[in-house]
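Visitor: Dropping a structure here in structure tokens format, bear with me for questions.
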Amino acid sequence: MPRIAELFFKTAIVFLVIGIGIGLMMAISQNHAVMGAHAHINLLGWVTSALFGGYYALNPAKAEGRLPMTHYAVYTIGVVVMTASLYMLLSGNTAFETPVAIGSMITFLGVLIFAWIAFAPAGQRAARPIAAE
Ligand code: HEM
């Protein structure tokens, strides 16, 4: 499996542990104020990162070069900044409104990089049979 696939998948699992932790915390305390942060950590962090990992695992040719690592770095930083800021904002800290917006934009940039990778034609290596590698 390409390294980037494993990296995305392991990061996704970290988001899942944090997302479920917040879900359990909400359920136990019966205070659902941070529901938006819980939902985004699980869906952007766990589900989407795991999908990216699955994509690179199924398309090793697309995992080559520097761009997939740029995709990983930009997307993951964006999700961390956005969801941590959203958690603080929903906890009542209005100062985190701007960091939520900045984190959202960084996350979106990560998605645009992925769109570029997914839609660009595969490189020469993709056409070669595995035995020739
Ligand atoms: C043990 C695991 C989990 C627990 C204890 C948990 C708990 C909760 C709680 C207490 C709420 C608030 C419900 C409300 O106020 O209406 C919630 C909402 C939500 N959760 Fe989880 N959750 C868990 C896992 C997940 C996972 C894995 C995902 C996504 C992959 C997820 C996605 C969502 C979403 C999207 C909402 C918002 C639902 C809405 O808008 O009504 N949750 N969760």
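Values quoted throughout were computed directly from the atomic coordinates according to the rules given, and no laboratory measurement underlies them. In this text the structure is predicted, and so the values were computed from the model without any measurement. So basically every Cβ, Gly included, is an ideal-geometry build from the backbone, and we count neighbours across all protein chains shown.
Visitor: Could you give the dipole magnitude of the chain about its Cα centre, charging the beta-carbon of Lys and Arg +1 and that of Asp and Glu -1, in debye to the nearest 20? Don't jump to the answer; show the numbers that get you there.
Guide: On the way: 6 positive and 4 negative charges, 64 e Å.
Computed about the Cα centre, the dipole is about 300 debye.
Visitor: Arrange ILE22, ILE13 by Cβ neighbour counts within 10 Å, fewest through most, would you?
Guide: On the way: ILE22 18, ILE13 14.
Arranged by neighbour count, lowest to highest, ILE22, ILE13 become ILE13, ILE22.
Visitor: Next question. What percent do you get for the relative contact order of region 1-109 when only Cα pairs under 8 Å and 6+ apart count?
Guide: Worked out over region 1-109, it gives 30 percent.
Visitor: Using only the alpha-carbon atoms, how far is helix 67-90 inclined from the longest principal axis of the chain? Give it as 0 to 90 degrees, nearest 10.
Guide: Its long axis makes an angle of about 10 degrees.
Visitor: If one takes the longest principal axis of the Cα atoms in the chain, at what angle in degrees, from 0 to 90 and to the nearest 10, does the Cα axis of helix 3-29 lie?
Guide: The helix 3-29 is inclined about 20 degrees to the chain.
Visitor: While we're looking at this one, here's another question. Mind checking the alpha-carbon convex hull of region 3-122 and giving the volume per residue in Å³? Show your work: numbers first, answer last.
Guide: Working: hull volume 9.2 nm³, N = 120.
For region 3-122, the hull spanned by Cα atoms encloses 77 Å³ per residue.
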